[in-house]
Amino acid sequence: MKSKPYFPMFIDLSDKNVVVVGGGKIAARRVKTLLQFTRNITVVASQAIAELQELGKIGQIRLILRPVKRSDLSMAYMVIAATNDWKLNYEICRICKAEGIYANVANDKDACDFYFPGVVMQDELVVGITASGMDHRKAKAVREEIEQVLKKYSGEW
């Protein structure tokens, strides 16, 4: 089955609150990408990998080490549900939809209000790549090709 297309939209996140629920590798990848666009990131997780703990220690993110509460989501513009508990991810998504908060569920593309793209940034250029949740390897390969093309033209404009 082919996924419905999502409209690519570039938004200013600099003053928006982003909440990431989960403390593993996927959450860390999302946080590292988001840090290129905002410093208003709160990560809520019972446990967090060392990379997220370090980002919390140096003040790049707000790290809350405990189970997520509904109130953690209340001031968010968007939420990334990236736990290893699909029931919790679904509940986070349900709450966000009820509250009008954009939600991305790492393990369920059909529950997402938006896809989290592969991002390539160079100078003033920002490119987002998604395969509509259908083929992550294809999207990664295209992102890597775009990175190489942009490196080739770096400084020529």
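The table that follows gives values for the structure above.
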read-out	value
Mean Cβ neighbour count within 10 Å, used as a protection proxy, ranking 66-72, 28-34, 141-147 highest first	28-34, 141-147, 66-72
Cα-based radius of gyration of segment 64-104 once divided by 2.2 N^0.38 Å, which approximates compact folds	1.05
Local electrostatic count at E145 - Lys and Arg +1, Asp and Glu -1, tallied over other residues with Cβ under 15 Å	+3
Mean Cβ count within 10 Å, highest first, over the residues of peptides 48-59, 6-17	48-59, 6-17
Which labelled figure in (i) 16.0, 49; (ii) 18.9, 66; (iii) 18.4, 58 is Rg and Dmax of the Cα atoms in Å, once derived from the coordinates	(i)
The chain, accessible surface, carbon-and-sulfur percent (1.4 angstrom probe)	52
Probe 1.4 Å, protein heavy atoms only - accessible area per residue of the chain in square angstrom	64
Beta bridges per DSSP with both ends in the chain, % antiparallel, nearest 5	25
Separation of alpha-carbon centers, segment 49-72 and segment 96-141, rounded to whole Å	22
Which listed pairs, of K69/K97; K57/K138; K69/K140; K57/K87, have C-alpha distances above 25 Å, in listed order	K57/K138; K69/K140; K57/K87
Cα gyration tensor, segment 91-157 - rounded (a/c under 1.5), prolate or oblate	oblate
All Cα pairs of segment 4-61, percent lying beyond 13 Å	60
Using a Förster distance of 22 Å, the FRET efficiency for Q122-K57 (Cβ separation, nearest 0.05)	0.15
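The values are calculated or read from the model by the stated rules, or taken from the named source; none is laboratory data. Not measured: the values here are computed from a predicted model. Don't worry about glycine lacking a Cβ; one is built from the backbone with ideal geometry, like all the others, and counts go over all protein chains shown. These accessible areas exclude ligands, DNA and RNA; they are computed on the full protein's heavy atoms, side chains included. Shrake-Rupley method; radii C 1.70, N 1.55, O 1.52, S 1.80 Å.
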